[in-house]
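In what follows, a structure is listed as structure tokens, so that the remarks can point back to it.
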Amino acid sequence: MTEKIDQIVDELKVLTLLEASELVSKIEETFGVDASASAGAAMVMAGPAVTEEVEEKTEFNLMLDEVPADKKIAVLKVVRSLTGLGLKEAKELVESAPKQIQESLAKDAAEDGKKQIEDAGGKASLT
């Protein structure tokens, strides 16, 4: 890169979010472009001042979304093993789907529970 470009990039690095937003608006106005049409170009223009780190989700809720009638018993057994509920409580939970089964699970445990439900014939999701 040329020295001039390096200097511009260095100046962009110290912009506040408000200043970066104003810069994007000014560039759109001056050059007759729409930054939203090309998000990649907007990110290059705004640099790291606009980007924020997305925090990776570490806790998940396991939801029972749907239980086909012919798979109800198999799904009920999985729900009992995952929750430790008695037969009556697990049956009520399965019959009231969509319903949250477990909350604040680690990613691996949540994905494992989802896989068990799906293997039994039900539909599950993570939230």
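Each value in this text was obtained by applying a stated rule to the coordinates, not by laboratory testing. None of these values were measured; they are calculated from a predicted model.
Out of residues 5 or more away from GLN102 or on other chains, whose amide H comes under 5 Å of its own, with H placed 1.01 Å from N in the peptide plane?
Those qualifying (amide H under 5 Å, at least 5 residues apart or on another chain) are LEU62.
If a/c stays under 1.5 just call it rounded; otherwise compare a/b with b/c (prolate if a/b is bigger, oblate if not). Do that for region 60-126, with a ≥ b ≥ c from the square roots of the Cα gyration tensor eigenvalues.
Prolate, since a/c reaches 1.5 and a/b exceeds b/c.
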